[in-house]
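Engineer: I'd like to ask some things about the structure below.
The values are calculated or read from the model by the stated rules, or taken from the named source; none is laboratory data. Because the structure is a prediction, the values reported are computed rather than measured. Cβ placement follows ideal geometry from the backbone for every residue including glycine, while neighbour counts extend to all protein chains displayed.
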Amino acid sequence: MVKLLFICLISFCFNSYSNLFGYELRLHLDSTYIVDDELFSDVYVGGNLTDIIRDYVDSGVVVVFNYRIDLFESVFGLDNIINQVFFYRRIYYDFFTREYVMYISETGRDIRRNNIEELLNDFYAVDRILISNLQHIESSKDFYIKTRVSLKLENSYPYLTVLFSILTPLRYRIKWLKTADFTLDSLEKLN
């Protein structure tokens, strides 16, 4: 029985992980705006990975998407990083409650759904991410934002951790997306 489980896990990892590399996964910036002297952005993940995520999660793999948003100041062609924002989404299947679960790092809460498609709506679009406080930033300078999402697979079965780590690469990284230069005065101010 244990040998059969190992064989199934090995074939699953090779087949489904190779399927994932065929997708163009990007973190796109939807909008950037200012609220009460703070810079916020809305982002969305390009590409539909629902079927692949379901295959992983139904097989007991924890799928973690790490988001990164960097704010840069452009001064005479030199880039100065102002702030970096990191957050993540951890998606897994709870076998006891028979629900799909997504842990949201910014709020520290879980979202539970019986249907993974409903759950992933909160994964694909992330609204109102705090990028930076603007009190000490000069508004006349040029800025740009770079975004990236990376994928990490974790094993939910502790006794298979060593084998799982050998079979799956540590992380699937995606190229950066860079916005056009903007000034803070050109952004929409909301209340």
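Engineer: Which strands (runs of 3 or more DSSP E) does the stretch 44-141 wholly contain that include 2 or more residues that are touching a residue at least 40 places away in the same chain (Cβ under 8 Å)?
Structural biologist: Those strands (runs of 3 or more DSSP E) span 61-75, 78-94, 125-133.
Engineer: Looking at 74, 59, 31, which is the one that is of a type in the set (Gly, Ala, Ser) and either touching a helix residue (DSSP H, G or I) at 6+ places or on another chain (Cβ under 8 Å) or at pLDDT 90 or above (or both)?
Structural biologist: Result: 59 is the single residue among 74, 59, 31 that is of a type in the set (Gly, Ala, Ser) and either touching a helix residue (DSSP H, G or I) at 6+ places or on another chain (Cβ under 8 Å) or at pLDDT 90 or above (or both).
Engineer: Does the stretch 115-128 contain any residue that is at pLDDT 85 or above, surrounded by 15 or more Cβ atoms within 10 Å (Cβ to Cβ) and under 25 Å from residue 189 (Cα atoms)?
Structural biologist: yes
Engineer: Going through the stretch 31-81 one residue at a time, which ones are buried (at least 17 other Cβ atoms within 10 Å of the Cβ) and among the basic types (Lys, Arg)?
Structural biologist: Listed by number, the list holds a single entry, 54.
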